[in-house]
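Working notes, beginning with the structure itself.
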Amino acid sequence: MRRRVVGTNLRRLRERLGMTLEDAARELSCHSAKISRIEAGRSGVRQLDLRVLLDLYGVTDPEERAGWLALARESREQRWWRVLENRLPQEFVDLAGLEDEITMCRGFQPGIVPGLFQTEEYAAAVIREGRTGVLNPVQQDKLHLRLERQKALTRDRPAPLDVWMILGEAALRQQLGGEEVLRRQLSHLIEMARLPNVTVQVLPFTSSAVPSGPYPFLLYSFPSPIDLEVALLENFTGHTYLEAREDTEPLRAAFDHLRACALSPLDSEAMILRVRDEPTASRERSSHARAGQ
């Protein structure tokens, strides 16, 4: 992922100046195919080559250059999730790689509590997809990966991941794993929402229609000097990643609209507490009433 990020932004620097692959290759005394591989993230870039490219593209600020060089250097490091690469679908590994690199995550999850906030028992229920019994080895790996991803919220280096998440009211009421599992999950959600780097808002059933429809999405932002935002769309069969601005900008606008329609963080916490402490009968009546609408 870091190689892709470096390559994508080097391409943007080159295209902004109207240079071709051949122009950059001539500066490095190499074939244009090498520049193409670097920009596609298929190969890393040496520090010496990166310095030459930064000179060519007019990146002179010492702090910005240091950021580029550090990013390229770190792209060669092995990450904790690499051990699971051959045991899980690539989309799960890609997701861990993204969250290991970004500084900000914004998103909307209408139906379940997002993975970054899930308790172990709630996550196991999600992974089992409503079935009973113990997790099989692949499901155990998925659970392990999900719990490891959550460490981004409290990590020391780099700074903790900044998360702003909007949840649909249904996420507070869907009893994945049963009522007590949900109750403990809501208590944990409140704890997570109180972290200084986490903001949680709830979009109640009474809210107006949402611009993105009932579909979940995430927006990932990378640290400076990277100029890249990645959108993640989830569906029943897998994940789709979007990087083009014409794809990410509508989702950014949808998030801003959702943020305006949702309850404030304080009112959202009050609602989560209220749903958590509802008697079973009240929760069931609310769910049935919603189903009948």
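Readers should treat all values here as calculations from the given coordinates under stated rules, not as data from a laboratory. Note that the structure is predicted; figures quoted are calculated from it, not measured. In this analysis, Cβ positions are derived from the backbone assuming ideal geometry, glycine residues included, and neighbour counts consider all displayed protein chains.
Count of the range 145-175 residues, restricted to those that are in a helix (DSSP H, G or I) and either polar (S, T, N, Q) or surrounded by fewer than 18 Cβ atoms within 10 Å (Cβ to Cβ) (or both), is 5.
Screening the candidates 189, 182 for the property of being over 29 Å from residue 223 (Cβ atoms) and crowded, with 16+ Cβ neighbours inside 10 Å yields one hit, 182.
Taking the condition of being hydrophobic (A, V, I, L, M, F, W, C) and either closer than 23 Å to residue 230 by Cα or touching a strand residue (DSSP E or B) at 6+ places or on another chain (Cβ under 7 Å) (or both), how many residues in the range 1-55 meet it? Please lay out each step first, then the result.
Looking only at the range 1-55, we keep the residues that are hydrophobic (A, V, I, L, M, F, W, C), and these are 1, 5-6, 10, 13, 17, 19, 21, 24-25, 28, 30, 33, 35, 38, 40, 45, 48, 50, 52-54.
Checking which are either closer than 23 Å to residue 230 by Cα or touching a strand residue (DSSP E or B) at 6+ places or on another chain (Cβ under 7 Å) (or both) leaves us with 1, 5-6, 10, 13, 35, 38, 40, 45.
Total meeting the criteria: 9.
Within the range 268-279, the set of residues being among the charged types (D, E, K, R) and touching a residue at least 40 places away in the same chain (Cβ under 8 Å) comprises 269, 276. One residue alone among 181, 200, 134 is of a type in the set (Val, Ile, Thr) and under 18 Å from the mean Cα position of the chain (by Cα), and that residue is 200. A search for C-beta distances below 6 Å between a residue of the range 177-188 that is more than 17 Å from residue 116 (Cβ to Cβ) and any residue that is surrounded by 14 or more Cβ atoms within 10 Å (Cβ to Cβ), counting only pairs 6+ apart in sequence or on different chains, returns 177/121; 177/122; 177/125; 181/121; 181/122; 182/175; 183/276.
Quickly run through the range 33-65 and pick out the residues that are of a type in the set (Gly, Ala, Ser) and within 17 Å of residue 17 (Cα to Cα).
Residues of the range 33-65 that are of a type in the set (Gly, Ala, Ser), as a first pass: 33, 36, 40-41, 43-44, 58.
Passing the criteria: 36, 58.
Is it true that some residue in the range 48-56 is buried (at least 16 other Cβ atoms within 10 Å of the Cβ) and more than 18 Å from residue 3 (Cα to Cα)? Within the range 48-56, one or more residues are buried (at least 16 other Cβ atoms within 10 Å of the Cβ) and more than 18 Å from residue 3 (Cα to Cα).
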